[in-house]
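The structure appears right after this line, and notes come after that.
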Amino acid sequence: MTGPDPAGGGLADEAAQPGAGEFTATVIVNAPAERVFAALTDWEGQSDWIPLTRVRVVEGDGGEGSLIEAVTALGPAALRDEMRVVRVDAPYEVGVVHCGKLLRGPGVLRCTPLTDDRTQVVWHEWFHLPGGSAGRVAWPLLWPGSKASLTLALKRFARLVEAGRLPRAPADRPGAR
C-alpha cells in the first residue's frame, strides 16, 4: 500500500503490513457503483448500518489522509478502532490502515460494477492478532463471528442503499448547517 502514513513515519510501519487475522465479506447491491461507493465512504453513515458502532471523521474530510474513528460498544465494554484512509480510487476502491492500539492492519473496500445498476461490494481486512500466540489460537474461534457480523452489516447496508436511504444527503450529515 502507498499513501499517507497512519503513524507519521513510512508505510513500512507494521500496521500497514497484512496480519494473520484475515476475513472477507461480500454483498451484491442493486444500485450503481457510484452510489454504492458514496454510501460506503460516508463514514459517519456507517453508524446507521454497523451494529453498536458510532463512526466519525476525526481528521480530514473523509478522503485520502483522513483519520476515521469507529467505536463499538456493548454496555460498558467498548472497542475503539482508528483507521487512516490511505487510498481512494472512486468509485471502485478505498484502502485503509487500522492504526489503533488494539486493531492494526490494512483493509480494503471494493465496489465492482456488475451491470449499470448492480454492484458487488467486497470488504477485506488483514488484522494483526493481539496477544501473541494466544491471539493466534483464539482467532479461529473469533473469525466466524467477525465474518458473520460484517456480512450481516453489509446486507443491512445493501437494503439501505437500495431503499435510497444511503448515501445520506450532505445536509443530513453531522456538522451540516
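Here are a few things to note about the model shown:
- Among (1) part of a helix (DSSP H, G or I); (2) touching a Gly at 6+ places or on another chain (Cβ under 8 Å); (3) aliphatic (A, V, I, L, M), the one test that ALA38 misses: (2)
- Checking each residue in segment 70-110 for being touching a His at 6+ places or on another chain (Cβ under 9 Å), among the aliphatic types (A, V, I, L, M) and part of a strand (DSSP E or B) picks out MET83, VAL108, LEU109.
- Against the list (1) in a strand (DSSP E or B); (2) within 12 Å of the chain's Cα centre (by Cα); (3) among the polar types (S, T, N, Q), the condition SER47 fails is (1).
- Boolean, ILE50 is touching a strand residue (DSSP E or B) at 6+ places or on another chain (Cβ under 8 Å), at pLDDT below 95 and under 25 Å from PRO113 (Cβ atoms): yes
- Residues of segment 25-35 classified as surrounded by fewer than 20 Cβ atoms within 10 Å (Cβ to Cβ) and assigned to a helix (DSSP H, G or I), total: 2
- Qualifying residue in segment 55-69 (condition: open to solvent by 40 Å² or more (accessible area, probe 1.4 Å), part of a loop (DSSP other than H, G, I, E, B) and either in contact with a Ser or Thr (Cβ under 6 Å, 6 or more places away or on another chain) or of a type in the set (S, T, N, Q) (or both)): yes
- Filter result (open to solvent by 40 Å² or more (accessible area, probe 1.4 Å), more than 17 Å from THR24 (Cβ to Cβ) and not β-branched (Val, Ile, Thr)) within segment 83-111: ARG87, ASP89, ALA90, LYS101, LEU102, ARG104
The values are calculated or read from the model by the stated rules, or taken from the named source; none is laboratory data. As the structure is a computational prediction, the values presented were derived from the model and not from experiment. Using ideal geometry, Cβ is built from the backbone for each residue, glycine included, and neighbour counts are taken over all protein chains shown. For the accessible areas, the whole protein counts, side chains as well, though only heavy atoms, and no ligand, DNA or RNA atoms are used. Shrake-Rupley method; radii C 1.70, N 1.55, O 1.52, S 1.80 Å.
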